[in-house]
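Please read the structure below before turning to the comments.
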Amino acid sequence: MNQLFKSEFYKLIRQKSFWGLTVFSCLLSSILLLDGSFPTDAQAFFDHALYALPLLYVLIMVFGALFVGKDFDIRTIQAYVCAGHKRGNILLAKATVHLVGSAAILFSPLILHTVTGYILYGIPGSGITPILMKSAMTFWIICAMGMLPCIFAFLFKDVGKTLTLLLILYFIMLFLLNGRHYRLMAFCLPMGQLRLLSLNQLSGFYISAFFTDCIWILVCYSLAYWNFSRSDLK
């Protein structure tokens, strides 16, 4: 099991697309930061960067398709199975490292802009506790968001199909979040929870949102395990 995790983390660090998407995430978030009034304190910097994260969801969709789907294309997953590793352990290692990579891609602009806010304005009067609380919730939401690309990659075992269907789903979610029942959709969809969190409209509902994300993670992981454990890897 440790060998699988070491192998996956090694591949993550060596994967150029991961670093490229991380840098692009910071650049795109910085551009979106300029769309509107300039933040006036560190908390505002954090909230502005958080507001842009739903639009950056597409980056971890690309990352998931490449990080997981490509391993089926080049038969790395099949090699793990032939080497005697249990499929459940392979899925756990792959999904865990994928979520770590996804969190790194989306957290990078948050860290960058928050540090920038501290440098320009110092620690806000409310302290860093609100930022830490939002950061913890953001991490869990990103984990729920990251499970969707993971399950699609394990279902279709192909970069092209996985990415195409993920992009279609991404635009469907954007449509739902701009519809008549956007508040309900925003609460149910992790992508929408980030927007509510950035607007301070998730206060008082953290526990409910946490359990909603737990359901997303458990359902996606269970479906991925069910499919992967029964797949005929040729």
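Could you check, for segment 68-88, whether at least one of its residues is closer than 30 Å to MET185 by Cα, under 22 Å from the mean Cα position of the chain (by Cα) and buried (at least 21 other Cβ atoms within 10 Å of the Cβ)? Yes: segment 68-88 contains one or more residues that are closer than 30 Å to MET185 by Cα, under 22 Å from the mean Cα position of the chain (by Cα) and buried (at least 21 other Cβ atoms within 10 Å of the Cβ).
Scanning segment 111-123 finds one or more residues that are polar (S, T, N, Q), at pLDDT 80 or above, surrounded by fewer than 18 Cβ atoms within 10 Å (Cβ to Cβ) and more than 30 Å from ASP232 (Cβ to Cβ). For segment 112-136, the set of residues classified as without any contact (Cβ under 8 Å) to a residue 24 or more places away in the chain, of a type outside the set (A, V, I, L, M) and assigned to a helix (DSSP H, G or I) consists of THR129 only.
Screening LEU169 on (1) farther than 21 Å from LEU223 by Cβ; (2) free of Cβ contacts under 8 Å to residues at least 40 places away in the same chain shows it passes everything except condition (1). On the stretch given as segment 148-184, residues that are of a type in the set (Val, Ile, Thr) and in contact with a helix residue (DSSP H, G or I) (Cβ under 6 Å, 6 or more places away or on another chain) total 3. Quick check: is even one residue across segment 213-225 assigned to a loop (DSSP other than H, G, I, E, B), aliphatic (A, V, I, L, M), open to solvent by less than 80 Å² (accessible area, probe 1.4 Å) and in contact (Cβ under 8 Å) with a residue 12 or more places away in the chain? Checked against the condition, which is being assigned to a loop (DSSP other than H, G, I, E, B), aliphatic (A, V, I, L, M), open to solvent by less than 80 Å² (accessible area, probe 1.4 Å) and in contact (Cβ under 8 Å) with a residue 12 or more places away in the chain, segment 213-225 yields no hits at all. Restricting GLY160, GLY146 to residues that are under 23 Å from ASP71 (Cα atoms), buried (at least 20 other Cβ atoms within 10 Å of the Cβ) and not hydrophobic (A, V, I, L, M, F, W, C) narrows the list to GLY146. Counting only helices (runs of 4 or more DSSP H) that sit wholly inside segment 1-111, those with at least 3 residues that are out of contact with any strand residue (DSSP E or B) (no Cβ under 8 Å at 6 or more places or on another chain) and either of a type in the set (A, V, I, L, M, F, W, C) or more than 23 Å from PHE154 (Cβ to Cβ) (or both) are 2-14, 16-33, 42-52, 57-64, 76-82.
The values are calculated or read from the model by the stated rules, or taken from the named source; none is laboratory data. Please read all numbers here as calculations on a predicted model, not as lab measurements. Heads up, the Cβs are rebuilt from the backbone with ideal geometry, glycines too, and the neighbour counts pull from every protein chain shown. Accessible surface is based on the protein model in full, side chains and every heavy atom, while ligands, DNA and RNA are left aside. Shrake-Rupley method; radii C 1.70, N 1.55, O 1.52, S 1.80 Å.
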